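These notes concern the structure reproduced below.
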Amino acid sequence: MTNQIAPSTNAPCPHYGQCGGCSLQHLDSTDYQAFKHHIIDRIVSRLGLTPSIIAPLITIGQGTRRRAELKVSVNKAVVNLGFYAPQSHDVVHISQCLICNTAIMDMLPAFHDCLNAFKKPSVIKSIQVTSLEHGIDMVIATQKPLKAHEKTLLATFGETHHCVRISQQHDALNYPDTFFDRNNATITIAGVTIDLPAGAFLQATATGQDAIISCVLNYLKDCRHIADLFSGCGTYSFALASQAISIEAFEVNEAMSLAAHNAATKHDLNHKIRTSTRDLFARPLKEHELNRFDAVVINPPRTGAQAQIKQLSSHQKIHAICMVSCNPSTFERDAKQLLSAGYKLTSVTPIDQFYWSNHLELVGLFIR
């Protein structure tokens with residue numbers, strides 16, 4: 001039996017209690033802010049540091065999510081399109097989502113109709129939807145390769161509902177296979193237009209991304225030669241290009257690294273930004289490679305970056321490390337290692353871009 005949250009009259013979403021997302025909707029503003037502050041207060045306390053290093057909480061708010069992964073299930077010929085129920089893989093069909101932006105929500109009813117037109121809609125497991133500058137980018141996870149008539153249905157949907165690209169992903173593919181493309185799946189960062197690969201990582205909200213960039217630029221304002229680790233498509237590299245002399249960007253995903261390289265070439269930034277494809281878990285930058293930098297910005301996945309942090313901890317030349325983390329637990333773990341190696345955490349900024357959830361983004365500055 002599915003474990004469910006008791007519905008609350010204080011929660012504005014009609015799906016609260018059924019949908020597993022937005023578990024903090026029932027809290028009033030004061031209690032909600034206190035909960036988020038408690039996350040970072042507890043980390044700073046356990047690290048033995050003073051609360052004065054905590055910058056004011058930046059709250060992004062509802063209606064801002066530009067990325068969502070919607071689940072699909074079919075039960076007695078009824079197609080459900082939505083999110084998992086609490087502590088379950090049962091899919092709750094949603095009619096609205098208060099955290100997603102309007103571009104995503106506006107296309108959902110028509111996409112549900114499109115799924116209903118499939119002979120076997122259960123072929124689709126989920127869809128990753130990203131709202132970009134020119135429309136919706138979709139990566140559809142499937143049980144098996146889509147058939148021609150299924151691609152036709154989806155392409156027709158794309159033509160009429162402002163999609164910039166539709167791709168499929170299944171076990172036989174290493175990368176998403178794009179079958180509908182308007183060739184304008186782009187984002188612009190610091191005046192640089194980046195052609196995004198299908199399925200590329202982006203911060204959950206554009207406003208959250210801007211807040212993180214602002215922190216990175218402020219924290220590293222006096223640094224000149226910077227390593228951008230887990231660099232994605234160059235979000236921080238292109239922003240830092242306005243104030244640094246050189247940036248080297250390292251990213252495990254070859255398609256994202258290539259996208260950053262192509263954007264740097266297109267905008268004549270190759271003299272300042274260099275990109276490399278590299279698995280920093282298996283091959284972290286070593287001491288002789290770190291010697292050419294005075295600062296690092298590092299934005300690892302939720303698992304953190306233990307191997308790379310170990311190398312940074314033993315290095316003496318890196319003056320500043322700006323760590324961006326979507327997981328307070330691994331932030332604390334990696335911060336503890338840097339502190340024990342002689343770094344000082346001088347400031348940490350909490351950014352609440354995962355609104356109504358128990359997650360929190362952190363941006364910290366470590367100075368040797």
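The angle separating the long axis of helix 102-116 from the principal Cα axis of greatest extent in the chain is about 40 degrees.
Averaged over its residues, the range 269-368 has an accessible area of 39 Å² per residue, based on protein heavy atoms and a 1.4 Å probe.
Where a ≥ b ≥ c are the square roots of the eigenvalues of the C-alpha gyration tensor, would you call the range 148-188 rounded, which needs a/c under 1.5, or, failing that, prolate if a/b is larger than b/c, or oblate? Because a/c hits 1.5 or more and a/b fails to exceed b/c, the range 148-188 counts as oblate. For a quick check, take a GNM of the chain with Cα springs below 10 Å and name the residue from GLY191, GLY135, GLY199 with the largest mean-square fluctuation. Highest fluctuation of the listed residues: GLY191.
About the Cα centre of the range 164-311, how large is the charge dipole given +1 on each Lys and Arg Cβ and -1 on each Asp and Glu Cβ? Please answer in debye to the nearest 20.
Its charge dipole is roughly 220 debye.
Under the rule a/c < 1.5 gives rounded, and otherwise a/b versus b/c splits prolate from oblate, where does the range 203-361 land using the Cα gyration tensor? Cα axes put the range 203-361 in the rounded bin.
For the range 208-278 versus the range 49-72, the spacing of their alpha-carbon centroids is 22 Å.
The simple Förster model, with R0 at 41 Å and r as the Cβ-Cβ distance, assigns SER23 and LYS344 a FRET efficiency of 0.75.
At an R0 of 45 angstrom, the distance between the Cβ atoms of HIS134 and VAL78 translates into a FRET efficiency of 0.85.
Using a 1.4 angstrom probe on heavy atoms only, work out the carbon and sulfur share of the accessible area of the range 238-286 in %.
On the way: 1220 of 2390 Å².
Roughly 51 percent, rounded to a whole number.
Simple spin-label estimate for SER246 and HIS38 gives 4.9 nm between the two label positions (7 Å along the Cα-to-Cβ direction from each Cα). Volume per residue of the convex hull around the Cα atoms, evaluated for the range 130-218, comes out as 102 Å³.
Could you compute the FRET efficiency for HIS225 and GLN87, with r as their C-beta to C-beta distance and R0 at 56 Å, rounded to 0.05? The partial results should precede the final answer.
Numbers: r = 47 Å, r/R0 = 0.85.
Efficiency at R0 = 56 Å is approximately 0.75.
Each of ALA148 and LEU47 was given a label point 7 Å from its Cα along the Cα-to-Cβ line. The distance between the two points is 5.8 nm.
Give me the distance between the Cα centres of the range 305-361 and the range 93-127, rounded to whole Å. About 37 Å separates the Cα centre of the range 305-361 from the one of the range 93-127.
Among the listed pairs LYS221/LYS286; LYS71/LYS119; LYS76/LYS144; LYS272/LYS310; LYS71/LYS310; LYS221/LYS336, which are separated by more than 29 Å between their Cα atoms?
Values: LYS221/LYS286 25 Å; LYS71/LYS119 18 Å; LYS76/LYS144 21 Å; LYS272/LYS310 27 Å; LYS71/LYS310 38 Å; LYS221/LYS336 24 Å.
Too far apart for the 29 Å limit: LYS71/LYS310.
The overall shape of the chain, judged from the alpha-carbon gyration tensor, is oblate: a/c is not under 1.5, and a/b is no greater than b/c. Taking 4.7 Å between C-beta atoms as the pairing limit, the chain has these partnerless cysteines: CYS13, CYS19, CYS22, CYS114, CYS163, CYS215, CYS223, CYS233, CYS322, CYS326. Distance between the pseudo-spin-label points of ASN183 and ALA117 (7 Å out from Cα toward the beta carbon): 2.6 nm. Only one residue of GLN169, LEU202, ASN253 has its Cα farthest out toward the positive end of the dipole of the chain, where Lys and Arg carry +1 and Asp and Glu -1 on Cβ, and that residue is ASN253. Computed from point charges on the beta carbon alone (+1 for Lys and Arg, -1 for Asp and Glu), the dipole magnitude for the chain about its Cα centre is near 620 Debye.
For the residues LYS76, LYS286, LYS221, a GNM of the chain with alpha-carbon springs under 10 Å puts the largest fluctuation on LYS76. With helices as the sole contributors, the chain gives -8500 deg cm²/dmol at 222 nm; each DSSP H run of n ≥ 4 counts as -39500 (n - 2.57), and the sum is divided by every residue. Result for the chain in a Gaussian network model with C-alpha springs under 10 Å: among CYS114, CYS100, CYS163, the largest mean-square fluctuation is at CYS114.
Highest average first, the peptides 227-235, 173-181 ordered by how many other beta carbon atoms sit within 10 Å of their residues are 227-235, 173-181.
The values are calculated or read from the model by the stated rules, or taken from the named source; none is laboratory data. Bear in mind that the values here come from a model prediction, so they are computed numbers and not experimental data. Because the Cβ atoms are built from the backbone with ideal geometry, glycine has one as well, and the counts that use them run over all protein chains shown. Each accessible area value is taken on the protein alone, full model and side chains, heavy atoms only, with ligands, DNA and RNA left out. Shrake-Rupley method; radii C 1.70, N 1.55, O 1.52, S 1.80 Å.
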